[in-house]
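Peer 1: To start, I am sharing the structure in question, which I have written as structure tokens.
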Amino acid sequence: MNKIVAMAAKDIQILFRDKLGFFFTVFFPLMMAIFFGAMFANLSRGPASIPVALVDEDRTAGSQRFVTRLEAAGGLALDQIPQEQALDQVRRGQTGVMVTLTPGFGAALDNPFRITPEVELTVDPTQFAAAGMVRGILLEAAGAELQALMSDTERIQATNDQNRRLIEQFAPPSPARDDFLTFIDLSARVPALVGQLGLDGAPTDAVSGGFGPPLEIGQTEVQAEQRGPSNSYATSFGQAMLWILIGGSVSFSMSIAIERSRGTLMRLLVAPITTRHLLAAKGLACLTTTLVTSTALITLGITVFGVTPTSYPLLALALLCGSICFCGIMMALSVIGKTEQAAAGVGWGLALPFSMLGGGMVPLFLMPEWMQRIANISPMKWTLIAYEGAIWRGFTLNEMLVPCAVLVGIGVVAFTAGASRLRWDTG
Amino acid sequence: MLLFDHVSKSFGDLRAVDDLSFELEAGEVFGLLGPNGAGKTTAINMAVGLLEPDEGVVRFAGKTFDRDPREAENRQALGLAPQSIALYEEISSADNLRFFGRLHGLKGSDLEERVAACLDFADLTDVRKKAVSKYSGGMKRRLNLAVAIIHDPDLVLLDEPTVGVDPQSRNAIFDRVEQLRDDGKQIVYTTHYMEEAQRLCDRVAIMDRGRLMALDTVRALIEAHGGPGKLAVQTGDKESIHDTTDPLGTLAELQERETVEHFQYRPPDLETVFLNLTGRALRD
Ligand SMILES: Nc1ncnc2c1ncn2[C@@H]1O[C@H](COP(=O)(O)OP(=O)(O)OP(=O)(O)O)[C@@H](O)[C@H]1O
Ligand SMILES: [Mg+2]
């Protein structure tokens, strides 16, 4: 065991002397973390529109007119989906706010003198700010709708005629009925009066003031089960830790080729140790380096960049499994490339497409559906799932077991395949 | 202790080592002399367990033991200085020695003692903390040799330890080999320089194209295969060369006939032995 540790320690010592290798295993991932974290942080601070799940239970011309008005207003990214799906999205933290137009909404909108139109907000409580903005935009749209109604003489005449008929039909003649009918007749003249007042361009509530708020907004809260990352660095540090694994596995796969071309492999093979010890030492060196550098990186993320893992034990588990996977891959890579250049070429040649596919460059959830499905063959994807599961997705132990099992499985298979095919001939 | 018994090794059609037999004797420097491609390194690689013979056996054998170099633990007692320099250039000579010492089970103060002794042996104590990449060729060669003996092995195999080294450094290496011999190590020394074999080796195995051509002490080899020496004589403006085993007699004979102004005698050496055995010169 001492000999294995000595060999692993030597490899690590050499890695840290090799400036390029050190760069790829330690600094490159750190720079990625800060760069992408800062980039996405800026994006999310910008005037992006708020994602809103819109459920139209009314399905009338009126409700659709309101939706069109909301879309035109800007500031919201509307997604019209069925109620169940919308609720699910809020629960999962994919959407912060859900807006429901209940049955009768359209009718109320067309006849605001009888009933105030109502919408129902379903809100993830962490998204209060977003909900507030959604409220504002909804009120504005309803106000604009009311103003449009008031300034449309034909439509208001039609509404008034309809209301007059209803009143005459159901209310017995009385002084109150007469007063009310007079009021309705007068209201038909509001647009003309507004025109004469020169109120164009004034806030909508100056006009609709007489009728109360243009929209009644109810609100319920739904606790999101899984929230998105609280902080864009939570994603970028996950990716950076993946790059540590990639850099580490390529560096160490090269180290066997380097030992061969330098002739030191011959000395190792002549020493009184078995080839199994040699393999174990290479694996241990890779595992130690990736674990230590990943831990250092995420510690930096936690202390300086405000990353808050949802579970430290699961994070430790994810780190261990990710490292096992990539140290196995390291062994397989070192079989394919016999010379330093070949090992590096094969290593990076495979690492780049697989990590692109696995979400190492662009976050997985931004990829098209079909690509996400192909990504299942990428160990990078499973690593990211495990890392993100522990950092911000709030995985349970059970949820964590799937990616971890896949990672350890890939690692063991790759290590065994590589180790058994590794040719020790030094010529 | 090291025993080769009818050992052969082929690479494809090429018989790199062909029916090689010899046995090392206690406390000797054993030379493997042969031109490029003779099979010296292949033989060494089999001796240290890097290669498995196709035929025959390679053993560490004595009265009470018989061990296969392919088994890891049996290699504890041997040290190899490979033909091409094999060192970790990024780290210092002390760290190289320390690492290979640990690999052979040394630790603590024992390890540090051996590291210091080997640095001294290689005359690298002053530069022990410098990265090996900064060393000259001669310094690397000496370290390459020192690493082979960090664990104080009984059997030391030196594969062309003077390749690419200037005459001064070469002499330094000769001194060290002699020092190892005086410490009672058994040494296998391969070279294609006959002067080295002649100076250092107790017995020499002459190899060519994988085959063992002759094996004996230097003196016996020359006696058996050296043939006559060469006596070059200048008389007047004439120069002549005479083959002779009795240079004084031949010179006296010549002087009876004419006045010898200059003469030079070159006794037979391993070069002539090789030429007589193979019909070719040792150096290409
Ligand atoms: N791994 C190998 N694969 C194929 N051929 C080899 C291998 N190793 C050695 N040979 C061949 O075997 C022959 C003997 O090589 P070897 O290296 O043992 O010679 P050598 O006596 O050490 O020569 P040199 O003085 O050049 O070091 C050479 O022809 C060489 O090309
Ligand atoms: Mg050789």
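The values are calculated or read from the model by the stated rules, or taken from the named source; none is laboratory data. Owing to the predicted nature of the structure, the values given are computational and were not obtained by experimental measurement. We place every Cβ from the backbone using ideal geometry, glycine too, and count neighbours over all the protein chains shown. Quick note on the areas: whole protein, heavy atoms, side chains included, nothing else; ligands and nucleic acids left out. Shrake-Rupley method; radii C 1.70, N 1.55, O 1.52, S 1.80 Å.
Peer 1: Identify, please: which residue in region B:38-59 is away from ligand 2 (no atom under 16 Å from the Cβ) and either touching a strand residue (DSSP E or B) at 6+ places or on another chain (Cβ under 7 Å) or not acidic (D, E) (or both) and is, among those, nearest to the other protein chains (Cβ to nearest Cβ)?
Peer 2: The residue in question is B:G49.
Peer 1: Is it the case, given these coordinates, that B:D120 is among the acidic types (D, E) and more than 12 Å from chain A (Cβ to nearest Cβ)?
Peer 2: yes
Peer 1: Name the residue, out of A:A33, A:A72, A:A77, that is assigned to a helix (DSSP H, G or I), closer than 16 Å to A:V134 by Cβ, at pLDDT below 85 and hydrophobic (A, V, I, L, M, F, W, C).
Peer 2: Residue meeting the stated conditions: A:A72.
Peer 1: Residue by residue through region B:60-90, note down the ones that are open to solvent by 40 Å² or more (accessible area, probe 1.4 Å) and within 16 Å of ligand 2 (Cβ to nearest atom).
Peer 2: B:Q83, B:S84, B:I85 - these are the residues of region B:60-90 that are open to solvent by 40 Å² or more (accessible area, probe 1.4 Å) and within 16 Å of ligand 2 (Cβ to nearest atom).
Peer 1: Something else: Would you mind telling me which numbered condition in (1) at pLDDT 85 or above; (2) over 30 Å from B:L200 (Cβ atoms); (3) charged (D, E, K, R) B:D237 fails?
Peer 2: (1)
Peer 1: State which residue pairs qualify: first residue of a type in the set (S, T, N, Q) and inside region B:206-221, second residue assigned to a strand (DSSP E or B) in any location, beta carbons under 7 Å apart, and separation of 6 or more residues or different chains.
Peer 2: Once the first residue is of a type in the set (S, T, N, Q) and sits in region B:206-221, its partners that are assigned to a strand (DSSP E or B) give B:T217/B:R203.
Peer 1: While we're looking at this one, here's another question. Between a residue in region A:240-263 that is within 14 Å of chain B (Cβ to nearest Cβ) and any residue that is of a type in the set (K, R) and surrounded by fewer than 24 Cβ atoms within 10 Å (Cβ to Cβ), which pairs come within a Cβ distance under 9 Å, given they are 6 or more apart or on different chains?
Peer 2: Close Cβ pairs satisfying both conditions: A:R260/A:K338; A:S261/A:K338.
Peer 1: Follow-up question, since we're still on this one. For region B:40-73, name all the residues that are away from ligand 1 (no atom under 16 Å from the Cβ) and among the polar types (S, T, N, Q).
Peer 2: Within region B:40-73, just B:T64 meets the criteria.
Peer 1: For B:L119, only one of the following conditions fails: (1) surrounded by 19 or more Cβ atoms within 10 Å (Cβ to Cβ); (2) over 24 Å from B:D175 (Cα atoms). What is its number?
Peer 2: Of everything listed in (1) surrounded by 19 or more Cβ atoms within 10 Å (Cβ to Cβ); (2) over 24 Å from B:D175 (Cα atoms), B:L119 misses just condition (2).
Peer 1: With the structure loaded, tell me whether B:L32 is of a type outside the set (S, T, Y), within 16 Å of ligand 2 (Cβ to nearest atom) and within 12 Å of chain A (Cβ to nearest Cβ) or whether it fails that test.
Peer 2: no
Peer 1: I need every pair where a residue in region B:179-195 that is on the phi > 0 side of the Ramachandran plot has its Cβ under 6 Å from the Cβ of a residue that is more than 13 Å from ligand 2 (Cβ to nearest atom), sequence separation at least 6 or different chains.
Peer 2: Here the result reads B:G184/B:G27, each pair linking region B:179-195 to a residue that is more than 13 Å from ligand 2 (Cβ to nearest atom).
Peer 1: Find the residue count for region B:260-274, including only residues that are in a helix (DSSP H, G or I) and touching a Leu at 6+ places or on another chain (Cβ under 7 Å).
Peer 2: 4
Peer 1: Here is a follow-up. Take the residues of region B:15-39 that are surrounded by fewer than 17 Cβ atoms within 10 Å (Cβ to Cβ) and near ligand 1 (Cβ under 8 Å from one of its atoms): which is farthest from B:F4 (Cα to Cα)?
Peer 2: Among those that are surrounded by fewer than 17 Cβ atoms within 10 Å (Cβ to Cβ) and near ligand 1 (Cβ under 8 Å from one of its atoms), it is B:N36.
Peer 1: Taking the conditions exactly as written (of a type in the set (D, E), within 30 Å of B:V48 (Cβ to Cβ) and open to solvent by less than 50 Å² (accessible area, probe 1.4 Å)), does B:E195 satisfy them or not?
Peer 2: no
Peer 1: Additional query: I need the full set of residues from region B:60-79 which are out of contact with any Asp or Glu (no Cβ under 8 Å at 6 or more places or on another chain) and either within 11 Å of another protein chain (Cβ to nearest Cβ) or under 15 Å from B:G101 (Cα atoms) (or both), in order please.
Peer 2: B:P69, B:E71, B:A72, B:E73, B:R75, B:Q76, B:G79
Peer 1: Take the residues in region B:141-169 that are of a type in the set (D, E, K, R) and more than 16 Å from ligand 1 (Cβ to nearest atom); name whichever of them is least open to solvent (accessible area, probe 1.4 Å).
Peer 2: Top of the filtered list is B:R142.
Peer 1: Within region A:281-309, take every residue that is open to solvent by 40 Å² or more (accessible area, probe 1.4 Å) and under 14 Å from A:I12 (Cα atoms) and give me the one that is farthest from the other protein chains (Cβ to nearest Cβ).
Peer 2: A:L291
Peer 1: Among the residues of region B:91-116, count how many are away from chain A (no Cβ under 12 Å) and open to solvent by 10 Å² or more (accessible area, probe 1.4 Å).
Peer 2: 6
Peer 1: Let me ask another. B:R257 passes all but one of (1) open to solvent by 60 Å² or more (accessible area, probe 1.4 Å); (2) at pLDDT 90 or above; which number fails?
Peer 2: (2)
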